[in-house]
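> After the C-alpha cells below, expect a handful of questions from me.
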Amino acid sequence: MHPSATPSDPPRPADRHPDVLVVGGGIIGLVTAWRAAGRGLRVAVADPAPGGGAAQVAAGMLAAVTELHYGEETLLGLNLASAQRYPEFTRELEAASGQRIGYRRSGTLQVALDADDRAHLRELHTLQVRCGLDSQWLTGRECRRLEPTLAPGVRGGLRVDGDHQVDPRRLAGALLAACERTGVVFHRTRAERLTTAGGRASGVELPDGTRLSAGQVVLAGGSLSGRLEGVPEAVRPPVRPVKGQVLRLRLPDPPPGGPPFLSRTVRAVVRGNPVYLVPRESGELVLGATTEELGWDTTVTAGGVYELLRDAHELVPGLTELPLTESLAGLRPGSPDNAPLLGPTALPGLHLATGHFRNGVLLTPVTGDVMAELLSTGTVPEAARPFSPARFSPDVQEEQRTRAPEEQPV
Ligand code: GLY
C-alpha cells in the first residue's frame, strides 16, 4: 500500500495503471510482487485479504527430498533450486521486512512403522540416491536415538538433514511488509474479471466496476486461479482445490538441559496416509495433513481430526498429552501433473504463477525470481521452462495424444 493510504481509500489514478497487476495476494502473488517491484516495476496486487490463503494453514516443510515421487524428477530440480535459495532469500526478506520468518535447518526424519512401510521407504531411498540426494538409511533404534519420543515399533527411517522448515504465516506477513515497504500498491478487494484490449490482457475489473489497467497481469490466485471471469478457456489454468486439514498443538518446554519433545520434522505414511509433525522454535507443533478432493469445502471434520491424531499417535504416542490449540483446513492449488504453472500464456500480457500444489512454500523463492525475470525482461529463465502453462494448452495436449509411442517423451 502507498505509505499514506489506508485500506478504505479509493485507488488514486496512478495506482490504477501499474506496470504489473498481480491477481492474488497469497505467498506466491506477494513474492512475485515484491521481486518485481525490486526490479523497478510499478506493481499492484488485488486481493481482499493479502497475506491469507493456503499459507495460513500450511506446515511449511521445505521437503524437496522427502516429498520426491516417482515420475516427478523434473519438479525435483525446481524444488531443489528453490530450497538452495532459501538461506539467501530469508536474509533478504528479513532485512526488507524487519520480520523473522522462522527458517529452521533442523532436518527431517521419515520413518516406517511396519514391514510394508519399510519396503516402500527402501524404494524411496533408492530413488533418492539415484537422483543424487543426501538421504541416510537408519535402523529403528537409530531413529529413536535421534528422536526418543518415537514409538518403539518404528522399523527404520531416512534421515534427511537438507529438508528444512519455515513458518508460512510469518513468511506471508514478512512478504506483505516487504511489498508495502517496496511501494507495491494493494487493492484490498477481489478481482472480478480479466479485461482484454487489442488481443492482449489489459487489466482487471473490480466488483465496484473500477478498472485497473496494467501492461502485464499475473494470475496468482492459488486454488481460485481457474475461476477469474474473462480468462479465455484456452488459457484458463487447470487448477483445482485439494483440501488439507491440519492441527496445531503446543509443545512442552524441554526439561532443563534435556532434549526437546521433537528436534526435527518427523513424517511417515501410515495406512497409506501421509502424516507429518513439524516442531517450531515458537513452541508450536504442526500436525498434517489430509489430502481430500472435495471441491471448495474447508470444513474441519471429526473424521479428519480423528485420522490425523490416530496416525500421529502411532508415530509419537506422547503427543496425545499435548494441548490442541487449532484445527484448520486449507486448499492446495492442485495441477494435473502436481507441478506449478509458471510463465506467459497464449494470451499476450497474461502470465501464470499458480498450481504449486504441495510445494507452494518451498517454491516461493524460485517463483519470485522466475516471475520477476520474466516480467522485467520478457524472458522465461531456464529453470522455469519445463513448467510453462503451454504444456496444458489444448494444441499441445492434442499433439501429445497423437504422437507415435516411440516419440513420446520419457
Ligand atoms: N506439503 C505438505 C502438504 O501439502 O500437505
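> For the stretch 21-40, check the following and say yes or no: at least one residue is modelled with pLDDT of 95 or more, in a helix (DSSP H, G or I) and surrounded by fewer than 21 Cβ atoms within 10 Å (Cβ to Cβ).
There is at least one residue in the stretch 21-40 that is modelled with pLDDT of 95 or more, in a helix (DSSP H, G or I) and surrounded by fewer than 21 Cβ atoms within 10 Å (Cβ to Cβ).
> Test VAL269 against the criterion of being β-branched (Val, Ile, Thr) and open to solvent by 40 Å² or more (accessible area, probe 1.4 Å), and give yes or no.
yes
> Look through ARG310, ARG332, ARG358 and report the one residue that is among the basic types (Lys, Arg), modelled with pLDDT of 95 or more and closer than 30 Å to ALA214 by Cα.
ARG332
> Which residue, of PRO348, PRO255, PRO260, is open to solvent by 50 Å² or more (accessible area, probe 1.4 Å), over 28 Å from HIS125 (Cα atoms) and out of contact with any Lys or Arg (no Cβ under 9 Å at 6 or more places or on another chain)?
PRO255
> Restricting attention to the stretch 141-181, report how many residues are part of a helix (DSSP H, G or I), in contact (Cβ under 8 Å) with a residue 24 or more places away in the chain and surrounded by fewer than 22 Cβ atoms within 10 Å (Cβ to Cβ).
7
> Just the residues that are assigned to a helix (DSSP H, G or I) and either open to solvent by 40 Å² or more (accessible area, probe 1.4 Å) or touching a Cys at 6+ places or on another chain (Cβ under 8 Å) (or both), please, taken from the stretch 130-140.
Answer for the stretch 130-140, where residues must be assigned to a helix (DSSP H, G or I) and either open to solvent by 40 Å² or more (accessible area, probe 1.4 Å) or touching a Cys at 6+ places or on another chain (Cβ under 8 Å) (or both): just ARG130.
> Evaluate the stretch 340-351: report whether one residue or more is closer than 19 Å to GLY51 by Cβ and away from the ligand (no atom under 16 Å from the Cβ).
The answer is no, given that none of the residues of the stretch 340-351 is closer than 19 Å to GLY51 by Cβ and away from the ligand (no atom under 16 Å from the Cβ).
> Inside the stretch 48-77, can you point out the residues that are away from the ligand (no atom under 16 Å from the Cβ) and at negative phi?
PRO48, ALA49, PRO50, GLY52, TYR70, GLU73, THR74, GLY77
> Can I ask one more? Can you say whether GLY304 is within 16 Å of the ligand (Cβ to nearest atom), of a type in the set (Gly, Ala, Ser), outside any helix (DSSP H, G or I) and open to solvent by less than 30 Å² (accessible area, probe 1.4 Å), as far as the supplied structure shows?
It is false that GLY304 is within 16 Å of the ligand (Cβ to nearest atom), of a type in the set (Gly, Ala, Ser), outside any helix (DSSP H, G or I) and open to solvent by less than 30 Å² (accessible area, probe 1.4 Å).
The values are calculated or read from the model by the stated rules, or taken from the named source; none is laboratory data. Model, not experiment: these values are computed from the prediction. Glycine gets a Cβ as well: all are built from the backbone with ideal geometry, and neighbour counts include every protein chain shown. Only protein heavy atoms, including side chains, enter the accessible area calculation; ligands, DNA and RNA are left aside. Shrake-Rupley method; radii C 1.70, N 1.55, O 1.52, S 1.80 Å.
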